[in-house]
Amino acid sequence: MRLFACATAMTAAVCGGAVVAVPAEAAATQVAYGYAWSDGDGRLRVVPRSATFAKPGYRLKTLSGAKELRLGYAAAAFRRVTVACDLKETEGRVALDAKGLGRTSCAPSHLTAELARGATPLRIEHRGGQAVKINEFLVTDRPDSRSARGTIKRINDTTVLFATGGKTIKLGYAYTTAFLRTTARCSDGWLAGRPVNADRNGLGGKQCSWTDLTKALKTVKHPVLVKVDYTPGVDSLDQVQEVFGDA
């Protein structure tokens, strides 16, 4: 038996007398904690945050200089905090290891279902742009929602850029997001027709769904004026009110 070793932390290593290229991203597995969002079929996006274990869950805080990661997870091992893979909520029973991480073995398809419901707190081991192991965990200090006026611009069917007070934030949304319209119908284009459902401040009051928000945003190419409720840190778009009077 011939034994040999390669230094995987190097971009090139000598193995058995030959120089073998080793991709830098394959050198080590990295770990990220944060609120993950769907980024398309079999992919997620997450802004890494610092995590402190505070039994039974974690406290997450902004990590200075952290940049959004976009990772594939089709081949990742996934562990949930629920006692069964297809549960939407814990229903009062959890499956946690000693570090407060989910331990119910599930399939990547179960993660897809979770991400479809909105932001999901995850610990992700990854390398080379691919998630290797993913654990769901509980959060002990979810931030409070805030209200602000500004503009939103569509990125895709579940993501917008919200600009307010000189800063721009990427926000995700899902079926839990409320959309309040000034228009007569939920299916109307943005600010289409008379503002029959606007209050004296021009704010929409007709209750519509998150899919109506997607359809309405597809009718405009420029940022549009809104009042929103959003959760910083989670980067969740909780409610959108159409405003009569475009930006």
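The values are calculated or read from the model by the stated rules, or taken from the named source; none is laboratory data. Values in this document were obtained by computation on a predicted structure and should not be read as measured data. Every residue, glycine among them, receives a Cβ derived from its backbone with ideal geometry; neighbour counts consider all protein chains shown. Accessible surface is based on the protein model in full, side chains and every heavy atom, while ligands, DNA and RNA are left aside. Shrake-Rupley method; radii C 1.70, N 1.55, O 1.52, S 1.80 Å.
Projected onto the charge dipole of the chain (+1 at Lys/Arg Cβ, -1 at Asp/Glu Cβ, origin at the Cα centre), which of 237, 168, 73 gives the Cα projection farthest towards the positive end?
Highest projection toward the positive end goes to 168.
Whole angstrom only: what separates the Cα centroid of segment 107-185 from the Cα centroid of segment 203-243?
First find each Cα centre; the distance between them is then 13 Å.
First measure r as the distance between the Cβ atoms of residue 63 and residue 194, then evaluate 1/(1 + (r/R0)^6) with R0 = 45 Å and state the FRET efficiency to the nearest 0.05.
0.45
From the helices alone, meaning DSSP H stretches of at least four residues, give me the mean residue ellipticity at 222 nm for the chain, per-run term -39500 (n - 2.57), in deg cm²/dmol to the nearest 500.
Helices in the chain give a 222 nm mean residue ellipticity of -2000 deg cm²/dmol.
Counting only DSSP beta bridges with both residues in the chain, tell me the antiparallel percent, nearest 5.
Taking every DSSP beta bridge within the chain, about 90 percent pair in antiparallel fashion.
Can you give me the accessible area per residue for segment 84-152, using a 1.4 Å probe, in Å²?
Dividing the accessible area of segment 84-152 by its residue count gives 52 Å².
Could you compute the longest span of the chain free of chymotrypsin sites (Phe, Trp or Tyr not before Pro) located in DSSP loops and having at most 14 other Cβ atoms within 10 Å, not counting the site residues?
5-174
Just name one of 187, 102, 54: the one whose Cα is farthest towards the positive end of the charge dipole of the chain (beta-carbon charges, Lys/Arg +1, Asp/Glu -1).
54
Which of the listed residues, 155, 126, 138, is farthest toward the dipole's positive end in segment 125-174, when Lys, Arg count +1 and Asp, Glu count -1 at the beta-carbon?
Checking the options against the dipole of segment 125-174, the answer is 155.
How big is the dipole moment of the chain about its Cα centre under a simple scheme where the beta carbon of each Lys and Arg is +1, that of each Asp and Glu is -1, and everything else is neutral? Debye, nearest 20, please.
About 280 debye.
Sum up the charges of everything whose Cβ sits under 9 Å from the Cβ of residue 183, counting Lys and Arg as +1 and Asp and Glu as -1, but leave residue 183 out.
For residues surrounding residue 183, the net value is +2.
When the dipole is taken about the Cα centre of segment 42-168, and only Lys, Arg (+1) and Asp, Glu (-1) are charged at their Cβ, what size is it in debye, to the nearest 20?
440 debye
With the full set of protein chains in place, find how many percent of the accessible area of the chain is carbon and sulfur; take the probe as 1.4 Å.
Here carbon and sulfur together make up 51 percent of the probe-accessible area.
Could you rank the peptides 85-98, 191-204 by their average count of other C-beta atoms within 10 Å per residue, with the highest value first?
191-204, 85-98
Between residue 89 and residue 155, what's the calculated FRET efficiency when r is the beta-carbon distance and R0 is 22 Å? Round to 0.05.
In this case the efficiency is close to 0.15.
Specify whether the C-alpha gyration tensor of the chain places it in the rounded, prolate or oblate class, a ≥ b ≥ c being the square roots of the eigenvalues: rounded for a/c under 1.5, otherwise prolate if a/b is larger than b/c and oblate if not.
prolate
Search the structure for amide H atoms under 5 Å from the amide H of residue 58, placed 1.01 Å from N in the peptide plane, and list their residues when 5 or more places away or on another chain.
138, 139, 140
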